[in-house]
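For reference, the structure discussed in these notes is given below.
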Amino acid sequence: MLVALVTIFDDPIIGIMTGTIISLLILVEKISRGQFEIILNNKNTGIVHRSEGDYLDEIKKRGDTLVYSIKGQLLHLNTLNHLARFESGLNGYKNIIIRLRELYFIDVDGVECISEIIEDCKKQKRKIVITGVNEFIKGLLKESKEFRELEENGMVFNKTSDALKYFGYKIK
């Protein structure tokens, strides 16, 4: 409505610029939250919790393997949100799978974010694997010592189902 009013009563060019600025601010705010999906698995019962979006819901059910999918971009704007989720709400799981199948862009800060998540999981004696990395993202992640160590130890899988099998799940 604001854009329409500015366009009609002031100047069409100013109206277009106002709309562009508002759209850009909305886009930056959405990207900064960091899109993700969580799937919590239990060896006995299978999937016990699933949520996605950009806000972490409280997880009431317990499981032993957490699949954390990073969606869209992993860049300076949203790395702190992803890290904060792991530091506060996503601890207590012995197996972590970072799924990057839907990640299509990463910058240097994103690579550092993945490194920090790997480091934190190792410090907490949790097993961590990475799945679904495309070749472009993998090339950038190889700059990280932590990612290279995971890859050398066979902890980078093409499919999440392969990682679940590694953790002892029976996948049909």
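Tell me, which residue of the range 127-172 that is basic (Lys, Arg) and free of Cβ contacts under 8 Å to residues at least 40 places away in the same chain is most open to solvent (accessible area, probe 1.4 Å)?
172
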Those residues of the range 49-93 which are within 24 Å of residue 140 (Cα to Cα), among the small types (Gly, Ala, Ser) and either modelled with pLDDT under 80 or outside any strand (DSSP E or B) (or both) amount to 84
The condition of being open to solvent by less than 10 Å² (accessible area, probe 1.4 Å), out of contact with any Ser or Thr (no Cβ under 7 Å at 6 or more places or on another chain), assigned to a strand (DSSP E or B) and under 30 Å from residue 29 (Cα atoms) holds, among 96, 117, only for 96
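The values are calculated or read from the model by the stated rules, or taken from the named source; none is laboratory data. All figures in this text were calculated on a predicted structure; none of them were measured in a lab. Cβ atoms come from the backbone with ideal geometry, glycine included; neighbour counts cover every protein chain shown. Keep in mind that these areas ignore ligands, DNA and RNA; they rest on the heavy atoms of the full protein, side chains included. Shrake-Rupley method; radii C 1.70, N 1.55, O 1.52, S 1.80 Å.
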